[in-house]
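*Asks:* The structure under discussion is supplied below as structure tokens; questions concerning it will follow.
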Amino acid sequence: MSFVEAEIKKFESSNGSGTNLFYQALEEVIYSIAPLLESDPKYTEHAILERLVVPDRMIEFKVTWLDDNNKIQVNTGYRVQFNNALGPYKGGLRFHPTVNEGILKFLGFEQILKNSLTGLPIGGAKGGSDFDPKGKSDFEIMKFCSAFMTELHKYIGPRMDVPAGDIGVGSKEIGYLFGEYKKITSTYEGVLTGKPFIFSGSLMRPEATGYGVVYFTETMLDIENKEPLQGKVCTVSGAGNVALHAIEKLYQVGALPVSCSDSQGTIHDPRGVNLDLLKQLKLEKRQSLELYLETHPEAKYIPVEEYPEGGHAVWDIPCYAAFPCATQNELTELDAQNLITNGCVSVTEGANMPSTPDAIELLQTHNVCFGPAKAANAGGVAVSEFEMSQNASMSTWTFEEVDEKLKLTMQRICKRVALTAKDYGVEGNYVDGANISGFKKVADAMIAEGI
Ligand code: NDP
Ligand code: 2IT
């Protein structure tokens, strides 16, 4: 049995939802890089895969904090420092009740290859907590963030590990985390990215992931000789940082984004979603999307329970290009079938691993252009690295400078992924292109650094 087959066999016997997500991510990479491993024995000789799939360290800690009723609350905090062959550990923090070790391992593993694809000197990590920010007051969020940093500060540093945001963690939370780090260590340094601009955050970091996803799609459509996004109906899932900035950029390039969604339901507004209202509802107040109908009765709201199991209403809306920007496994085989039936030409992943393996296979066999997360959503972490550069040199780049660098970075990633796919005989397969290209750089660095 070959190493690849043996590894894949191991996944099949695994269980537990978080663990399965890690193996889902891993299995895709192993299938993709098989031609590379077979053509160049050095990766097997140096046991790169065996070394890459185990995090350098996984830190788990208790977070104890006082809620507004002075009741003691206890959560679990994590930081998975996966690989630092290319640079300091780098990756977001997720605050969501579903967070566990397995989810963070999947996200951390993906982050290694994503960060490699950016071409920037950053390693891969992820962290977070099962803390649920929903329904918490600002004071409670602040107290939680302080308690979380009381432990986390021991393991991070501007040249060691630089966390950022993810689901449930935006610039407000990063601000509180930074404040506590500064208090404990008495140092003012770029230990976190996604900080508010007022104190050493980078301009454009909030927009970066969503804008980058659209820049990537424009490049992919161009390479694949498809019509550009101008004038095209687009569907977007999610209603958080990534989704709303993808919608913003889609409007800027002349497309018509007609949907968004959250964990409770989907909005379909055929005239184009009202972005200002969505920002108010979801980013400022964390309210229900259903409130959208109060001022837009012409739109439709589909609660999750009203849609058949195994599918998602947002992918049943006819579109030219689809952008899953909410969470993992939110685009299933049934959803892929609906997209294909409705004539969708392109799917670009803004969220991390939003499409199931069956969905990806179906989309690819029907020649739908497919931009995988680790390449397409790398704009967020790329601008995080730009923030690290600005902090290290005590300088501030303009919005236009950052935007231009982001655009170039996304175009470069997309072209490199397409070229790698061609070089390895899988032209048009951006999943394989991204996995091979991302893996190769990290693997070569690991070999050069020795064991
Ligand atoms: P936010 O917290 O800003 O928004 C998350 C959105 O996804 C919300 O609309 C939320 O709905 C929805 N959502 C979360 N969990 C679920 C679920 N289980 N089922 C359905 N909907 C859900 O997060 P981001 O926009 O930052 O992140 C979205 C995705 O993008 C994630 O996969 C993240 O890992 C990825 N990503 C983020 C980057 C960043 O820079 N922030 C960079 C690269 C990738 P509700 O409000 O109801 O909870
Ligand atoms: O998944 C991701 O790339 C992020 N959440 C952003 C990570 C970062 O360090 O900016």
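The values are calculated or read from the model by the stated rules, or taken from the named source; none is laboratory data. Only a predicted model underlies this, so the values are computations on that prediction, with no experimental measurement involved. For neighbour counting, all protein chains shown are included, and Cβ atoms are generated from backbone atoms with ideal geometry for every residue, glycine included. Areas reflect the complete protein model, heavy atoms only, side chains present, ligands, DNA and RNA absent. Shrake-Rupley method; radii C 1.70, N 1.55, O 1.52, S 1.80 Å.
*Asks:* Just give me the residues in the stretch 385-404 being open to solvent by 80 Å² or more (accessible area, probe 1.4 Å) and more than 20 Å from GLU189 (Cα to Cα), in sequence order.
*Replies:* Answer for the stretch 385-404, where residues must be open to solvent by 80 Å² or more (accessible area, probe 1.4 Å) and more than 20 Å from GLU189 (Cα to Cα): GLU400, GLU401, GLU404.
*Asks:* When you look at GLU180, is it touching a residue at least 24 places away in the same chain (Cβ under 8 Å) and away from ligand 1 (no atom under 12 Å from the Cβ), yes or no?
*Replies:* Yes, satisfied.
*Asks:* To continue, here is another question. Would you please name the residue that is farthest from ligand 2 (Cβ to nearest atom), looking only at residues in the stretch 149-197 that are closer than 14 Å to GLY92 by Cα and acidic (Asp, Glu)?
*Replies:* The qualifying residue farthest from ligand 2 (Cβ to nearest atom) is GLU173.
*Asks:* Considering the stretch 144-175 alone, what residues qualify as being more than 13 Å from ligand 1 (Cβ to nearest atom) and buried (at least 20 other Cβ atoms within 10 Å of the Cβ)?
*Replies:* Residues satisfying the conditions are PHE144, CYS145, ALA147, PHE148, MET149, LEU152, ILE156, ASP161, VAL162.
*Asks:* Go through (1) within 13 Å of ligand 1 (Cβ to nearest atom); (2) at negative phi; (3) buried (at least 24 other Cβ atoms within 10 Å of the Cβ) one by one and return the number of the condition THR98 breaks.
*Replies:* Of (1) within 13 Å of ligand 1 (Cβ to nearest atom); (2) at negative phi; (3) buried (at least 24 other Cβ atoms within 10 Å of the Cβ), only one is false for THR98: (3).
*Asks:* With a cut-off of at least 1 residues that are open to solvent by less than 30 Å² (accessible area, probe 1.4 Å), closer than 30 Å to THR118 by Cα and near ligand 1 (Cβ under 10 Å from one of its atoms), name the strands (runs of 3 or more DSSP E) lying wholly within the stretch 205-322.
*Replies:* 233-237, 259-261
*Asks:* Right, here's the next one. Somewhere in the stretch 126-140, is a residue touching a Gly at 6+ places or on another chain (Cβ under 7 Å) and not small (Gly, Ala, Ser)?
*Replies:* Yes, some residue in the stretch 126-140 is touching a Gly at 6+ places or on another chain (Cβ under 7 Å) and not small (Gly, Ala, Ser).
*Asks:* Same structure, new question: When you look at THR420, is it of a type in the set (Val, Ile, Thr), open to solvent by 10 Å² or more (accessible area, probe 1.4 Å), modelled with pLDDT of 95 or more and assigned to a loop (DSSP other than H, G, I, E, B), yes or no?
*Replies:* no
*Asks:* For the subset of the stretch 345-358 comprising residues that are touching a strand residue (DSSP E or B) at 6+ places or on another chain (Cβ under 6 Å) and within 20 Å of ILE103 (Cα to Cα), which member is farthest from ligand 1 (Cβ to nearest atom)?
*Replies:* That would be SER355.
*Asks:* Do you know which of the residues in the stretch 183-204 that are more than 16 Å from ligand 1 (Cβ to nearest atom) and surrounded by 16 or more Cβ atoms within 10 Å (Cβ to Cβ) is nearest to LYS249 (Cα to Cα)?
*Replies:* The selected residue is SER200.
*Asks:* What is the one condition in (1) in a helix (DSSP H, G or I); (2) within 24 Å of VAL236 (Cβ to Cβ); (3) open to solvent by less than 10 Å² (accessible area, probe 1.4 Å) that VAL442 does not satisfy?
*Replies:* For VAL442, the failing item is (2).
*Asks:* Right, ALA375: under 30 Å from LEU203 (Cα atoms) and crowded, with 24+ Cβ neighbours inside 10 Å or not?
*Replies:* Here the answer is yes, as ALA375 does meet what is asked.
*Asks:* Need pairs with beta-carbon distance below 6 Å; first residue under 15 Å from LEU37 (Cα atoms) and within the stretch 415-439, second open to solvent by 30 Å² or more (accessible area, probe 1.4 Å) and of a type in the set (Lys, Arg); sequence gap 6+ or separate chains.
*Replies:* SER437/ARG416
*Asks:* Among the residues in the stretch 121-139, are any among the aliphatic types (A, V, I, L, M) and out of contact with any strand residue (DSSP E or B) (no Cβ under 6 Å at 6 or more places or on another chain)?
*Replies:* Within the stretch 121-139, none of the residues are among the aliphatic types (A, V, I, L, M) and out of contact with any strand residue (DSSP E or B) (no Cβ under 6 Å at 6 or more places or on another chain).
*Asks:* From (1) more than 15 Å from ligand 1 (Cβ to nearest atom); (2) in contact with an Asp or Glu (Cβ under 8 Å, 6 or more places away or on another chain); (3) open to solvent by less than 10 Å² (accessible area, probe 1.4 Å), pick out the condition that doesn't hold for GLY428.
*Replies:* Against the list (1) more than 15 Å from ligand 1 (Cβ to nearest atom); (2) in contact with an Asp or Glu (Cβ under 8 Å, 6 or more places away or on another chain); (3) open to solvent by less than 10 Å² (accessible area, probe 1.4 Å), GLY428 comes up short only on (3).
*Asks:* Consider the stretch 360-371. How many of its residues are open to solvent by less than 10 Å² (accessible area, probe 1.4 Å) and within 30 Å of PRO163 (Cβ to Cβ)?
*Replies:* Qualifying residue count, the stretch 360-371: 2.
*Asks:* With the stretch 21-136 as the region, which strands (runs of 3 or more DSSP E) entirely inside it contain at least 2 residues that are polar (S, T, N, Q) and over 16 Å from the mean Cα position of the chain (by Cα)?
*Replies:* 72-83
*Asks:* Another one. Mind checking whether some residue in the stretch 175-193 is assigned to a helix (DSSP H, G or I) and in contact with a Gly (Cβ under 7 Å, 6 or more places away or on another chain)?
*Replies:* For the stretch 175-193, residues assigned to a helix (DSSP H, G or I) and in contact with a Gly (Cβ under 7 Å, 6 or more places away or on another chain): absent.
*Asks:* Here is a list: ALA125, ALA85, ALA147. Which entry is farther than 30 Å from ILE33 by Cβ, in contact (Cβ under 8 Å) with a residue 24 or more places away in the chain and among the hydrophobic types (A, V, I, L, M, F, W, C)?
*Replies:* ALA147
*Asks:* Restricting to the stretch 366-382, name every residue that is out of contact with any Ser or Thr (no Cβ under 6 Å at 6 or more places or on another chain) and either within 16 Å of ligand 2 (Cβ to nearest atom) or small (Gly, Ala, Ser) (or both).
*Replies:* PRO372, ALA373, LYS374, ALA375, VAL381
*Asks:* Quick test for you: out of LEU66, LEU113, pick the one residue that is out of contact with any Cys (no Cβ under 9 Å at 6 or more places or on another chain), surrounded by fewer than 24 Cβ atoms within 10 Å (Cβ to Cβ) and among the hydrophobic types (A, V, I, L, M, F, W, C).
*Replies:* Testing whether each residue is out of contact with any Cys (no Cβ under 9 Å at 6 or more places or on another chain), surrounded by fewer than 24 Cβ atoms within 10 Å (Cβ to Cβ) and among the hydrophobic types (A, V, I, L, M, F, W, C) leaves just LEU66.
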